[in-house]
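K.L.:
Dropping the structure in here first, questions after.
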Amino acid sequence: MAGDGIWVFFLTVCVVAFHGALAELKFTVPVGRFFTYELTRETFQNDFEPLSKLYAGRLYDDPMMFKCNLQRFPDLPEWLRFTQRHPYDNGFLYGTPTSPGKSVIEIYAVNKRSYETTRQILVINVSFPEKTMPYQAEFFVKLREIEKVLPSPVQDEIKQDLQKLWDTEALEIVNVTNALDRGGRVPLPLAGHFEGVYVKVGSEQYFSECLLTVLAPGHRKQCTAGAKVKVPGGCNFCSIPSNCITWCKTELFDLTQQEPSPPAPTAGSGILEAGEDFDPPESPPSRDFFPDYLVTVIVPLVIAVVLCLLLAYVMFCRREGVEKRNMRTNQIQLHHHHTIHGDADELRDMAGNRGVPPPLSTLPMFNSRSGEGAPPLQSDSPTIPLILAQHDPYSDTLPRK
Ligand SMILES: *[C@@H]1O[C@H](CO)[C@@H](O)[C@H](O)[C@H]1NC(C)=O
């Protein structure tokens with residue numbers, strides 16, 4: 001039984017060379033047994049062209065992304081999941097098959113430096129289980145992340161601890177799940193905070209004494225009260241601190257006591273008999289949109305045109321002219337206005353005909369002896385008279401006509 005320790009997938013590797021680089025890997029996995037396949041970057045690295053001759057002989061470490069899907073389908077089969085934390089980390093395909101059959105998985109690796117791609121084919125044959133595992137238990141490993149648990153050495157470490165707890169060698173890992181997929185929260189990006197991983201194991205052998213303490217009535221109560229419940233003394237087989245389980249999240253499943261699955265649903269009416277033709281329902285009557293068009297387009301347009309015409313009439317046809325104003329004005333008032341205008345014009349006319357130079361005082365400031373204009377003074381200053389020429393004693397020497 002000891003040789004059964006590791007999941008023996010009858011690994012039949014037949015490397016069929018298609019276009020030189022295309023390899024086909026075959027695995028056989030029984031239903032209900034956990035399957036892991038590590039996409040190691042080194043193997044894909046060999047398929048990529050070296051960067052150039054310049055770097056020949058150096059070790060390459062290109063960032064890589066993987067895209068996995070079921071052949072001729074866009075996604076992976078329901079039971080298979082893929083994870084890769086970082087382009088510089090290996091990727092993992094993992095999951096637990098639920099029904100027998102054959103899945104052909106295509107793996108495309110994209111080199112993030114050169115954007116070259118390479119392909120690998122994985123053929124997973126899911127066989128019938130050779131033995132059943134009616135007793136299963138799920139444990140929560142708090143200080144782990146899924147990528148850290150999937151490498152087989154870590155899986156073995158965890159399994160060894162659980163074998164001691166279960167007190168049997170006949171133990172198989174049934175499922176490993178990221179706690180984030182089960183409603184867990186993304187941890188703070190600090191040391192000592194992890195996403196957490198659920199590990200489910202199964203066995204033919206009934207639960208050990210240690211495991212059965214989980215079913216004790218006091219256990220639930222203690223856990224819901226929020227107390228830090230430790231693994232009971234003598235049952236703590238945790239050898240590596242990061243692999244220790246959270247005792248309160250341990251759950252036992254006894255599949256022998258399961259209720260029979262509910263009967264398959266019966267087909268009701270609305271399902272066609274074989275060979276019958278589908279008669280589609282009538283399409284609804286076509287709708288007349290003309291009234292809607294009238295209301296939403298034509299009516300506002302007509303109102304806008306009417307308002308435009310009204311405005312045009314007011315602006316052009318009802319304009320009051322000068323004649324109309326004169327007609328309305330009192331005749332005497334109009335005459336008065338005209339005479340004022342006439343007199344002012346006459347005075348201006350006479351002033352223009354005098355031919356006498358205007359008085360100096362009306363000119364801008366100047367020096368009366370030299371006839372030069374004075375530099376502009378700051379007339380704001382109270383000590384300087386505004387007009388100097390008035391105080392000039394020689395002002396009477398100016399030529400006169
Ligand atoms: C394994 O765990 C995943 C995630 O919780 C679940 O969807 C899947 O059904 C499980 N598989 C089995 C075989 O229990």
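K.L.:
Suppose we keep only residues that are among the acidic types (Asp, Glu) and within 16 Å of the ligand (Cβ to nearest atom) within the stretch 173-220. Which one would you say is surrounded by the most Cβ atoms within 10 Å (Cβ to Cβ)?
P.N.:
If we take residues in the stretch 173-220 being among the acidic types (Asp, Glu) and within 16 Å of the ligand (Cβ to nearest atom), then GLU195 is surrounded by the most Cβ atoms within 10 Å (Cβ to Cβ).
K.L.:
While we're looking at this one, here's another question. Identify all residues within the stretch 87-98 that are within 18 Å of VAL154 (Cβ to Cβ) and either surrounded by fewer than 22 Cβ atoms within 10 Å (Cβ to Cβ) or within 16 Å of the ligand (Cβ to nearest atom) (or both); write none if there are none.
P.N.:
ASP89, ASN90, PHE92, LEU93, TYR94, GLY95, THR96, listed by residue number.
K.L.:
Can you tell me which residue among ARG81, ARG58, ARG85, ARG72 is at negative phi, at pLDDT 65 or above and in a loop (DSSP other than H, G, I, E, B)?
P.N.:
Exactly one residue qualifies, and that residue is ARG85.
K.L.:
Here is a further query. Could you grab me the full set of residues in the stretch 235-277 that are under 16 Å from LEU211 (Cβ atoms), of a type outside the set (A, V, I, L, M, F, W, C) and either at pLDDT below 80 or in contact with a Lys or Arg (Cβ under 7 Å, 6 or more places away or on another chain) (or both)?
P.N.:
Selection gives THR246 alone.
K.L.:
Now, a different point. How many of the residues making up the stretch 128-182 are farther than 24 Å from SER208 by Cα, in a loop (DSSP other than H, G, I, E, B) and of a type in the set (Asp, Glu)?
P.N.:
Looking only at that region, the number is 1.
K.L.:
Related question: Being touching a Leu at 6+ places or on another chain (Cβ under 8 Å) and assigned to a loop (DSSP other than H, G, I, E, B) is the filter here; which residues of the stretch 232-258 pass it?
P.N.:
Of everything in the stretch 232-258, those that are touching a Leu at 6+ places or on another chain (Cβ under 8 Å) and assigned to a loop (DSSP other than H, G, I, E, B) turn out to be CYS235, PHE237, CYS244, THR250.
The values are calculated or read from the model by the stated rules, or taken from the named source; none is laboratory data. Everything quoted here is computed from the prediction, not taken from an experiment. Neighbour counts are summed over all protein chains in view; Cβ atoms, including those assigned to glycine, are modelled from backbone coordinates with ideal geometry.
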